[in-house]
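The values are calculated or read from the model by the stated rules, or taken from the named source; none is laboratory data. Note that the structure is predicted; figures quoted are calculated from it, not measured. Reconstructed Cβ throughout: ideal geometry from the backbone, glycine too, with neighbour counts over all protein chains shown. Areas reflect the complete protein model, heavy atoms only, side chains present, ligands, DNA and RNA absent. Shrake-Rupley method; radii C 1.70, N 1.55, O 1.52, S 1.80 Å.
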Amino acid sequence: PVLKLANVVGTTALDNWSYDRLLTDLNVYAQVNFTKNFYFKTSFGINRSNVDQLQYQNKDYGDAAAVGGRSYKEQDLTTSWTFNNMFGYEQRFGDHHIDAIASYEAYKYTYESLYGSKTGFGFSGAQQPIGGAVAEQFDGYSVASTLASILGRLRYDYKGRYFGEFTIRRDGSSNFAP
């Protein structure tokens with residue numbers, strides 16, 4: 001029986017619902033100025049998210065009493081990184097100003113999920129799925145995608161009042177690969 005009437009307040013002390021998330025972010029960059037007007041800049045950033053989730057319903061009272069208790073465990077890992085390289089040029093001459101950039105960027109995203117649940121706990125206190133006798137479900141999957149981009153931009157302004165800009169960009173994505 002699923003979602004039968006239960007005393008939620010009464011089972012709060014016997015059940016355990018935990019959700020732990022660890023986020024890690026790292027970003028670094030470096031810039032080299034070849035001349036006063038010409039430079040190279042590189043940057044790298046990585047983001048990781050690790051989620052650990054446990055849902056334990058006790059074996060004696062509540063929704064999972066009919067199956068001897070239930071434990072559901074899920075672990076998810078998300079990772080994404082971006083790597084960017086850019087050449088830039090900027091020049092002022094009189095009332096005129098130009099700047100230009102040429103950039104290459106690579107991006108990767110991965111997501112991995114593993115989850116499962118068990119029922120039939122012989123004694124109270126064992127909350128991890130290993131304490132259960134009957135596997136209800138066990139599954140997992142992963143997703144990955146990449147993106148590569150090139151970008152060029154040229155900007156011009158006259159006296160800071162009249163502006164013109166030209167941009168060109170090309171992207172390639174693994175989402176559209178055969």
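Under 10 Å from the Cβ of T167, count the other residues' Cβ atoms, weight Lys and Arg +1, Asp and Glu -1, and hand me the total.
Around T167, the surrounding residues sum to +2.
At 1.4 Å probe radius, can you tell me the per residue accessible area of the chain in Å²?
68
Find out how many positive minus negative residues lie around E90, taking Lys and Arg as positive, Asp and Glu as negative, among other residues whose Cβ is under 10 Å from that of E90.
+2
Give me the compactness ratio for segment 6-104, meaning the Cα radius of gyration over 2.2 N^0.38 Å.
2.17
What is the spin-label model distance, in nm, from T82 to D157 if the labels are put 7 Å beyond Cα along the C-beta direction?
2.3
Mind checking segment 92-178 for chymotrypsin sites (Phe, Trp or Tyr not before Pro) that DSSP puts in a loop (not H, G, I, E or B) and that have at most 13 other Cβ atoms within 10 Å?
F123
For segment 81-126, just the Cα set please: Rg and Dmax, both in angstrom.
When restricted to Cα atoms, segment 81-126 yields Rg and Dmax of 27.7, 84 Å.
Kindly count the pairs of lysines across the chain whose alpha carbons are less than 17 Å apart, treating pairs on different chains or eight or more residues apart as eligible.
4
Taking θ as phi - 60°, what are the ³J(HN,Hα) couplings along segment 100-117 by the Karplus curve (6.51, -1.76, 1.60), each to the nearest whole Hz, with x for Gly and Pro?
My calculation for segment 100-117 gives 9, 9, 10, 9, 10, 9, 10, 9, 9, 10, 9, 9, 10, 10, 9, 8, x, 9 Hz in order.
Do me a favour and compute the ellipsoid semi-axes for segment 68-178 from its Cα gyration tensor, root of five times each eigenvalue, largest one first, whole Å.
Here the semi-axes work out to 57, 15, 9 Å.
What net charge do the residues around D76 carry, taking every other residue with its C-beta under 10 Å from that of D76, with Lys and Arg at +1 and Asp and Glu at -1?
After counting each charged neighbour, the total is -2.
For segment 99-178, give the percent of accessible area contributed by carbon and sulfur heavy atoms, probe 1.4 Å, rounded to a whole number.
That share works out to 58 percent.
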